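K.L.:
Mind having a look at this structure? Questions to follow.
The values are calculated or read from the model by the stated rules, or taken from the named source; none is laboratory data. Since the model is a prediction, treat every value here as computed from it, not as a measurement. With ideal geometry, Cβ positions are generated from the backbone for all residues, glycine too; neighbour counts draw on all protein chains shown.
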Amino acid sequence: MQFTVAIDGPAAAGKGTIGRAVAEEFGFAHLDTGLLYRAVALKTLHRARGVIDPETAACMAGNLTEDDLARPDLRSSMASRAASKVAAIPEVRQALLDFQRGFARREGGAVLDGRDIATVICPQAEVKLFVTADDRTRAERRYKELKGKGGATSVEQVLADLKSRDRRDSERADAPMLQASDAVLLDTTRMSIDEAVTEAVGLVRERIGAG
């Protein structure tokens, strides 16, 4: 069976948590596409000593390995900021396009979360979700996550970083972050994790039943 769940939305809205839960519930494969860009960014920064060169980044994108996606520093603030810059490079997005589309249409079903999944990567997805939350809520969530890992920052700094990334992601010329016209909006601002997952799982189950 080929069945794709495409989940888009800004950072710290809950799309990754929802994506993993949906995949586990239905036995689908899961891909956090943000890790692809984080891995490319870190490899590029390492090679270029802090300067992101488009040609180098595209080369790195075409040669990612499983080890690259398992790096413990992929969830760092540095990786997050660099990933947003790398994701704005058309050559990088093109290099990763075929991999993501192949993953999406694999047998057994797949869940992909990112920022252009429903609009660019998988416009044919059976289920499309746009997961969001207000800025302050997202900043507080991300701050708790970073603090738990020993990150020294503040809610205000996290909020500024999130807003900056939102602007880059939504204003880039190539595949900007936006809600697909046929995507279901899921605002998690006042929802618990269990409530958000339950709603997403219900939408997927309903679509499978109608298929």
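K.L.:
Just to verify a result, which residue in region 112-146, among those that are farther than 21 Å from S80 by Cβ and either touching a Phe, Trp or Tyr at 6+ places or on another chain (Cβ under 7 Å) or aliphatic (A, V, I, L, M) (or both), is surrounded by the most Cβ atoms within 10 Å (Cβ to Cβ)?
P.N.:
L129
K.L.:
Follow-up question, since we're still on this one. Identify, from the list L159, L129, the residue that is closer than 30 Å to F99 by Cα, hydrophobic (A, V, I, L, M, F, W, C) and within 19 Å of the chain's Cα centre (by Cα). Can you show your working first?
P.N.:
On the way: L159 fails: closer than 30 Å to F99 by Cα.
That would be L129, the only listed residue that is closer than 30 Å to F99 by Cα, hydrophobic (A, V, I, L, M, F, W, C) and within 19 Å of the chain's Cα centre (by Cα).
K.L.:
Kindly indicate whether D166 is within 21 Å of K85 (Cα to Cα) and surrounded by 14 or more Cβ atoms within 10 Å (Cβ to Cβ).
P.N.:
Spelling it out, D166 is indeed within 21 Å of K85 (Cα to Cα) and surrounded by 14 or more Cβ atoms within 10 Å (Cβ to Cβ).
K.L.:
Quick one: in region 185-207, which of the residues that are of a type in the set (A, V, I, L, M, F, W, C) and surrounded by fewer than 15 Cβ atoms within 10 Å (Cβ to Cβ) is farthest from R136 (Cα to Cα)?
P.N.:
Within region 185-207, the match that is farthest from R136 (Cα to Cα) is L185.
K.L.:
Name the single residue, out of those in region 90-106 being modelled with pLDDT under 90 and within 16 Å of the chain's Cα centre (by Cα), that is surrounded by the fewest Cβ atoms within 10 Å (Cβ to Cβ).
P.N.:
Out of the qualifying residues, it is F99.
K.L.:
Of all residues in region 120-139, which are of a type outside the set (A, V, I, L, M, F, W, C) and either part of a strand (DSSP E or B) or in contact with a strand residue (DSSP E or B) (Cβ under 7 Å, 6 or more places away or on another chain) (or both)?
P.N.:
E126, K128, T132
K.L.:
Working carefully through the options D174, D182, D134, D166, find the one that is farther than 28 Å from E91 by Cα and either touching a helix residue (DSSP H, G or I) at 6+ places or on another chain (Cβ under 6 Å) or touching a residue at least 12 places away in the same chain (Cβ under 8 Å) (or both).
P.N.:
Only one candidate passes the filter, namely D134.
K.L.:
Taking region 185-204 as the region of interest, how many residues are in a helix (DSSP H, G or I) and either aromatic (F, W, Y) or free of Cβ contacts under 8 Å to residues at least 12 places away in the same chain (or both)?
P.N.:
Residues flagged as in a helix (DSSP H, G or I) and either aromatic (F, W, Y) or free of Cβ contacts under 8 Å to residues at least 12 places away in the same chain (or both) within region 185-204 amount to 4.
K.L.:
Something else now. Sort through A61, A87 and tell me the only one that's surrounded by 14 or more Cβ atoms within 10 Å (Cβ to Cβ) and either over 17 Å from R165 (Cβ atoms) or in contact with a strand residue (DSSP E or B) (Cβ under 6 Å, 6 or more places away or on another chain) (or both).
P.N.:
A61
K.L.:
Suppose the filter is surrounded by 15 or more Cβ atoms within 10 Å (Cβ to Cβ), in contact with a strand residue (DSSP E or B) (Cβ under 9 Å, 6 or more places away or on another chain) and closer than 28 Å to A139 by Cβ; does G109 pass it?
P.N.:
Here the answer is no, as G109 does not meet what is asked.
K.L.:
Counting just the residues of region 29-48 that are closer than 30 Å to Q2 by Cβ and in a helix (DSSP H, G or I), which one comes out modelled with the lowest pLDDT?
P.N.:
Let us first name the residues in region 29-48 that are closer than 30 Å to Q2 by Cβ, namely 29-40.
Filter once more, keeping what is in a helix (DSSP H, G or I): 34-40.
Details: G34: 88, L35: 92, L36: 93, Y37: 91, R38: 92, A39: 92, V40: 92.
Filtering region 29-48 for residues that are closer than 30 Å to Q2 by Cβ and in a helix (DSSP H, G or I), the one modelled with the lowest pLDDT comes out as G34.
K.L.:
Go over the candidates R93, R101, R106 one by one and state the one that is within 22 Å of A61 (Cβ to Cβ), charged (D, E, K, R) and assigned to a loop (DSSP other than H, G, I, E, B).
P.N.:
R106
K.L.:
Would you be able to say whether some residue in region 143-159 is among the basic types (K, R) and not in a loop (DSSP other than H, G, I, E, B)?
P.N.:
Looking for residues that are among the basic types (K, R) and not in a loop (DSSP other than H, G, I, E, B), one finds at least one in region 143-159, hence yes.
K.L.:
Also, I was wondering about something else. Residue check: is D187 within 17 Å of the chain's Cα centre (by Cα) and not hydrophobic (A, V, I, L, M, F, W, C)?
P.N.:
yes
K.L.:
Continuing with the same structure: Would you be able to say whether some residue in region 116-125 is farther than 19 Å from L35 by Cα, at pLDDT 95 or above and in contact with a Gly (Cβ under 6 Å, 6 or more places away or on another chain)?
P.N.:
no
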